[in-house]
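Participant: The structure under discussion is supplied below as structure tokens; questions concerning it will follow.
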Amino acid sequence: MLKGKTALVTGSTSGIGLGIAKALARQGANIVLNGFGDVDGPRAEVLAAGQAAGAQVAYHGADMSRAADIEDMMKYSAAQFGRVDILVNNAGIQHVASIQDFPVERWDAIIAINLTSAFHTSRLALPAMQAANWGRIINVASVHGLVGSAQKSAYVAAKHGIVGLTKVTALENAASGITCNAICPGWVLTPLVQKQVDAKAAERGISNEEAKRLLLGEKEPSMQFTTPDELGELAVFFCSPAANNVRGVAWNMDGGWAAQ
């Protein structure tokens, strides 16, 4: 379905971003990966996922807190594959603390990476999308873009901001072939969430499995984690003709969290 299209997925060397990259590659999209840590493993996974569809894979290690790095990544993506047709803003970090104890530098980093980076990638991707009259911008927000949780002020503020940016981007391009939507996952067992599970297990003196059940039980009625593969399939839907008129939505895949 996406043969000949190029997808840039930020924060895609693990977790949700990697799941979305693999799903888009299976549909034939060329993929530009971005992120820290191991690159060869994720690149091989995406290549394998897209092999039958002929997808190609490139990588750029932009620091998503730096506008100059983001500009370089966008130029690199265009040089590799022509233009970015599908932009998935997924890069994100987390820090947990009360507002009065929240380190200012952590607040600044979370806002920069989780929110401001999506503004930069979007402003740089939109001109080519507008020239082609086709594009998909998919912002990975969170259920925390819809509701709040204590100790997560910066993350919740950034994710609410992403939902707002999604609506404005969608409205500004509503009469075109460009759509913008947000995905709002609940708990996904990514490395980011595993750290929270580990911390809860250590704090309570319980097993990792018990900590997972406790984490789910606090918020998610389904008592199951959403998977990166499920989120990847939702991203594929947003890129499909069936979603041509889905514009500016914040689509939660959260096991009933926000329904309470």
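The values are calculated or read from the model by the stated rules, or taken from the named source; none is laboratory data. Values in this document were obtained by computation on a predicted structure and should not be read as measured data. For neighbour counting, all protein chains shown are included, and Cβ atoms are generated from backbone atoms with ideal geometry for every residue, glycine included. With ligands, DNA and RNA removed, areas are computed over all heavy atoms of the protein, side chains included. Shrake-Rupley method; radii C 1.70, N 1.55, O 1.52, S 1.80 Å.
A quick yes/no check of all residues on (1) surrounded by 24 or more Cβ atoms within 10 Å (Cβ to Cβ); (2) among the charged types (D, E, K, R); (3) under 18 Å from the mean Cα position of the chain (by Cα):
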position	(1), (2), (3)
N30	yes, no, yes
G37	no, no, yes
P42	no, no, yes
A55	yes, no, no
I70	yes, no, yes
Y76	no, no, no
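Here's the yes/no breakdown for (1) buried (at least 20 other Cβ atoms within 10 Å of the Cβ); (2) at pLDDT 95 or above; (3) in a strand (DSSP E or B):
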residue: V147; (1), (2), (3): no, yes, no
residue: A150; (1), (2), (3): no, yes, no
residue: Y155; (1), (2), (3): yes, yes, no
residue: T169; (1), (2), (3): yes, yes, no
residue: S176; (1), (2), (3): no, yes, no
residue: C180; (1), (2), (3): yes, yes, yes
residue: I183; (1), (2), (3): yes, yes, yes
residue: L192; (1), (2), (3): no, no, no
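Participant: Kindly indicate whether R43 is in a loop (DSSP other than H, G, I, E, B) and either within 21 Å of A118 (Cβ to Cβ) or in contact (Cβ under 8 Å) with a residue 12 or more places away in the chain (or both).
Facilitator: No: the conditions fail for R43.
Participant: Please determine whether any residue of region 89-108 is assigned to a strand (DSSP E or B) and either among the hydroxyl-bearing types (S, T, Y) or under 23 Å from L231 (Cβ atoms) (or both).
Facilitator: Checked against the condition, which is being assigned to a strand (DSSP E or B) and either among the hydroxyl-bearing types (S, T, Y) or under 23 Å from L231 (Cβ atoms) (or both), region 89-108 yields at least one hit.
Participant: Given the residues R247, R213, which is the only one that is part of a helix (DSSP H, G or I) and among the basic types (K, R)?
Facilitator: The match here is R213.
Participant: Taking region 216-229 as the region of interest, how many residues are assigned to a helix (DSSP H, G or I) and open to solvent by 80 Å² or more (accessible area, probe 1.4 Å)?
Facilitator: So the count comes out to 2.
Participant: Can you work out which of the residues in region 79-123 that are without any contact (Cβ under 8 Å) to a residue 12 or more places away in the chain and of a type outside the set (S, T, N, Q) is least open to solvent (accessible area, probe 1.4 Å)?
Facilitator: Checked region 79-123; the qualifying residue least open to solvent (accessible area, probe 1.4 Å) is P103.
Participant: Would you be able to tell me the number of residues in region 124-143 that are open to solvent by 10 Å² or more (accessible area, probe 1.4 Å) and assigned to a helix (DSSP H, G or I)?
Facilitator: Final tally of qualifying residues: 7.
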